[in-house]
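Scroll down for the structure; my scribbles are underneath it.
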Amino acid sequence: MNPAVLPGDGIVMDDAEFDRWVRLLEQRTGVVVPHSRRQFLETNLRLRLAELKLVSLERYHDEWLVGPNGAREWAVLVDRLTIHETRFFRHTPSLALLREHILPAYMARTGGRQEFHAWSVGCATGEEAFSLAMVIDDYARRARPRFRFAVTGSDVSGPALKVAESAVYAVDREREIPAGYRDYSRAHGVDEFVIDAALRARTRFAQLNLLDIERQPMSGLELIYCQNVLIYFPRARREAFLDQLVKCLRPGGCLIIGPGEVTQWRNPQLERIDSRRALAFRRRGASGPIAEDSST
Ligand SMILES: C[S@@+](CC[C@H](N)C(=O)[O-])C[C@H]1O[C@@H](n2cnc3c(N)ncnc32)[C@H](O)[C@@H]1O
């Protein structure tokens with residue numbers, strides 16, 4: 001790799017150098033940086049080199065990104081290059097599908113005897129995992145008999161997961177939570193709130209790079225929820241991730257992804273759940289279809 005000097009006003013990255021970093025990032029992290037984000041990549045590399053007091057990309061690559069500590073530094077870089085934008089109850093049609101169809105179908109099928117385990121893949125700072133937990137807990141409380149559940153959130157970003165584990169958010173974010181679910185938040189100082197302890201106890205977080213998905217230990221899941229994450233990967237890789245996720249579902253378990261995040265993908269083990277506004281599938285092998293999504 002050619003050395004690149006870093007003058008104060010920017011990194012000097014010619015086309016070949018840019019292409020080399022795009023290839024490296026894709027190989028090591030799966031993340032694709034399109035040409036339109038060239039400035040973004042350069043800026044983030046420059047900031048990272050300044051933090052490490054380095055002046056050459058070559059040294060950064062050879063001394064920080066290879067060897068035993070290389071994986072940690074790649075994770076830092078991915079953290080800088082991905083966006084952790086998220087909200088509570090971000091895609092309400094998907095959550096309505098969960099509340100009004102997936103949970104009732106699960107109760108009809110199991111009587112609540114099996115634990116309902118949900119996985120929020122690419123959960124960023126935890127809002128998605130807690131939104132799932134709120135919807136499931138609210139349903140479980142009303143169900144007779146009540147049932148046990150757990151939610152796991154995973155992300156590649158260590159800093160994002162630290163926020164998720166703290167479960168503390170700025171108070172102005174509370175309005176993202178629909179009024180009927182605000183019982184799950186508690187005041188925390190003057191300008192923050194914290195998620196209720198009982199809900200936190202049912203929600204755990206783990207660091208996982210989707211590139212390592214074949215080695216992750218999740219199985220027997222009732223729900224996998226993966227939104228706004230696949231966008232970081234090329235189409236073939238998105239489909240390979242989804243095929244791996246399907247293996248983690250129980251028969252009858254459901255996969256909800258972001259509308260439009262994959263268009264052609266099909267998996268023979270899945271049937272599409274009929275919904276106009278949510279993109280969801282159910283793993284075959286359990287009796288009884290999920291009713292059409294009349295909530296949309
Ligand atoms: C835009 S956020 C989406 C958060 C949430 N799913 C939502 O829809 O609100 C995308 C998340 O994907 C995570 N991500 C990106 N590449 C990843 C990878 N290779 N493995 C795991 N997570 C990844 C990022 O760290 C980021 O937190």
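Ranking L161, I256, G67 by how far each Cα lies toward the positive end of the dipole of the chain (charges on Cβ) leaves I256 at the top. Spin-label model, S166/E58: points 7 Å from Cα along the beta carbon direction are separated by 4.1 nm. To the nearest ten degrees, helix 38-51 and the longest principal axis of the Cα atoms of the chain are 70 degrees apart.
With unit charges on the beta carbons (Lys and Arg positive, Asp and Glu negative) and the dipole taken about the Cα centre of region 15-81, which residue among L54, L81, V32 sits farthest to the positive side? Final value for the positive-end residue is L81. The distance between label points at I231 and T110 comes to 3.1 nm (points 7 Å beyond Cα on the Cα→Cβ vector). Ordered by the number of other Cβ atoms lying within 10 Å of each residue's own Cβ, fewest first, W265, W21 fall into the sequence W265, W21.
Placing unit charges on the Cβ atoms only, positive for Lys and Arg and negative for Asp and Glu, gives the chain a dipole magnitude near 1240 debye about its Cα centre.
Each residue of region 17-34 was assigned a 3J(HN,Hα) from its phi angle through the Karplus curve 6.51 cos²θ - 1.76 cosθ + 1.60 (θ = phi - 60°); the sequence is 5, 4, 4, 5, 5, 4, 5, 4, 5, 5, 5, 7, 10, x, 7, 9, 9, x Hz, with glycine and proline shown as x. Largest mean-square fluctuation among L49, L161, L255, in a Gaussian network model of the chain whose springs join Cα atoms under 10 Å apart, belongs to L49. For region 211-219, putting each phi into the Karplus relation 6.51 cos²θ - 1.76 cosθ + 1.60 with θ = phi - 60° gives couplings of 5, 9, 4, 5, 9, 7, x, 6, 7 Hz, in residue order, rounded to whole numbers and with x for Gly and Pro.
Here the simple spin-label model places points 7 Å from the Cα toward Cβ, and for V66 and R284 these points are separated by 4.8 nm.
Read-outs: derived from the displayed coordinates by stated rules, not from any lab. Since the structure is predicted, the reported quantities are computational estimates derived from the model, not experimental observations. Positions of Cβ are generated from backbone atoms using ideal geometry, with glycine treated the same way; all protein chains shown enter the neighbour counts.
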